[in-house]
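The values are calculated or read from the model by the stated rules, or taken from the named source; none is laboratory data. Note that the coordinates shown come from a computational prediction; the quantities given were computed from them, not determined experimentally. Cβ: placed from backbone, ideal geometry, glycine included. Neighbour counts: every protein chain shown.
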Amino acid sequence: MDRKIDDRNILDKFAEDFCAIVGRYVEYMVVSGFAAISSGRTRGTEDIDMIIGEMSREKFAEMHNDLVENNFECMQSENPEVLFEKYLIGKDSIRYTWGGKTLPEMELHFVKDVIDKYQLKRRVKMELTKLQIYFAPIEGNIAFKEEWLKGDKDFEDARHLRIVYADIINESEIQIIKNMIRKFRL
């Protein structure tokens with residue numbers, strides 16, 4: 001089974017609808033491949049990755065219930081207590097889809113470390129995407145693709161971001177984040 005979405009309109013709407021709800025409760029940033037895809041890179045994907053700031057159990061339950069009321073469904077459980085305790089607190093991710101569909105998916109997890117917190121403070125709306133969502137900084141996406149993930153697809157994503165955003169990329173910021181990855185993740 002080919003598990004990827006090639007229609008940008010579907011991904012964009014899914015991401016904007018999901019982020020609009022999450023943004024009412026907590027700071028978030030979309031990271032990884034969707035940054036490249038929404039910036040014009042042509043490739044399929046099955047999920048969008050999101051990092052959210054820490055939040056209380058009660059606030060998470062409110063957000064989860066709001067997502068469910070707006071036709072999003074969590075794949076692991078319907079119970080916000082289980083999701084919070086078993087997954088998010090344990091630094092695991094949870095996945096949401098549109099109700100009744102298997103794709104696309106939003107993979108959501110709490111900030112893991114100082115690197116995520118650093119990037120969350122620097123999140124941006126990427127004007128080129130024309131989307132009303134916050135992304136990790138371009139430099140963070142590039143650094144993670146080149147230093148942490150290192151797959152063929154990741155290097156191509158980073159190359160694309162370097163070309164598209166060549167006039168605004170701060171190379172020293174990429175190096176700062178790469179150094180943080182080496183210190184805290186490798």
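Brief remarks on what is shown
- If you go through region 98-108 and keep only what is surrounded by fewer than 19 Cβ atoms within 10 Å (Cβ to Cβ) and within 15 Å of the chain's Cα centre (by Cα), you end up with just E107.
- Any hit, region 130-143, residues being without any contact (Cβ under 8 Å) to a residue 24 or more places away in the chain and under 17 Å from the mean Cα position of the chain (by Cα): yes
- Inter-residue pairs, beta-carbon under 9 Å, first under 12 Å from F84 (Cβ atoms) and in region 58-70, second among the acidic types (D, E) and loosely packed, with under 14 Cβ neighbours inside 10 Å, 6+ apart: A61/E81; H64/E78
- Counted residues, region 109-124 - those being free of Cβ contacts under 8 Å to residues at least 24 places away in the same chain and either of a type in the set (V, I, T) or loosely packed, with under 12 Cβ neighbours inside 10 Å (or both): 2
- Residue that is farthest from F18 (Cα to Cα) [pool: residues in region 71-105 that are in contact (Cβ under 8 Å) with a residue 12 or more places away in the chain and of a type in the set (K, R)]: K91
- Looking across region 68-96 at every residue that is among the small types (G, A, S) and either exposed (fewer than 13 other Cβ atoms within 10 Å of the Cβ) or within 17 Å of the chain's Cα centre (by Cα) (or both), the one that is farthest from H109 (Cα to Cα) is identified as G90.
- L131 crowded, with 17+ Cβ neighbours inside 10 Å and in a loop (DSSP other than H, G, I, E, B): yes
- Elements of the type strands (runs of 3 or more DSSP E) sitting completely within region 60-124 and holding at least 2 residues that are within 26 Å of I138 (Cβ to Cβ): these cover 94-98, 105-110.
- Annotation: of all residues in region 33-55 being in contact with a strand residue (DSSP E or B) (Cβ under 7 Å, 6 or more places away or on another chain) and β-branched (V, I, T), the one that is modelled with the lowest pLDDT is T45.
- Take the conditions (1) assigned to a helix (DSSP H, G or I); (2) among the small types (G, A, S); (3) surrounded by fewer than 22 Cβ atoms within 10 Å (Cβ to Cβ); A166 misses just one of them, which is (1).
- Single residue of I48, I37, I21, I115 found to be farther than 29 Å from I181 by Cα, of a type outside the set (S, T, Y) and in contact with a helix residue (DSSP H, G or I) (Cβ under 8 Å, 6 or more places away or on another chain): I21
- Screening region 7-58 for residues that are of a type in the set (D, E, K, R) and in contact with a Gly (Cβ under 9 Å, 6 or more places away or on another chain) and picking the one that is surrounded by the most Cβ atoms within 10 Å (Cβ to Cβ) gives D47.
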